[in-house]
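Take a look at the structure below.
The values are calculated or read from the model by the stated rules, or taken from the named source; none is laboratory data. Note that the structure is predicted; figures quoted are calculated from it, not measured. Note: ideal-geometry Cβ built from the backbone for every residue, glycine included; neighbour counts use all protein chains shown.
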Amino acid sequence: MRILKKMGQKHVDAYVAEEPLSDEEFKELSIRLNKNQGDWDFDALANLWEVDLLLESGFTPEELHLDIIEEEEKKPSFFTLTAKFENEDDLREAELDIAAVISKYNTASYKVKTK
């Protein structure tokens with residue numbers, strides 16, 4: 001109140017919800033009330049709020065820079081795993097484990113090289 005008085009404000013609008021708000025309703029209300037007039041710390045938004053809630057609350061994908069993230073996610077990732085096995089059975093078991101993990105990702109593939 002002191003800050004508002006220093007700013008010369010004599011009247012302040014206050015709104016009280018008719019019913020208690022859930023945590024999700026409170027978060028959405030906080031975003032919506034501040035969306036149009038506030039400055040945003042986009043790092044904090046990314047770390048403290050769910051993307052779906054931000055989109056539902058009026059942010060656009062461009063404002064949240066989701067277009068950049070989607071482009072980065074489209075780039076394939078490659079990695080190399082080197083392992084030594086004592087025998088053929090252990091190698092076959094490892095291949096089955098790798099295949100099980102890879103099968104969860106539709107576009108993923110793998111190669112096994114033996115020496």
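Some points to look at:
- Residues being without any contact (Cβ under 8 Å) to a residue 24 or more places away in the chain, part of a helix (DSSP H, G or I) and among the basic types (Lys, Arg) are entirely absent from region 33-52.
- Considering region 1-31, and only residues there that are among the acidic types (Asp, Glu) and in a helix (DSSP H, G or I), the residue that is farthest from Gly58 (Cα to Cα) turns out to be Asp23.
- With respect to being surrounded by 10 or more Cβ atoms within 10 Å (Cβ to Cβ) and at pLDDT 75 or above, Thr82 falls outside the description.
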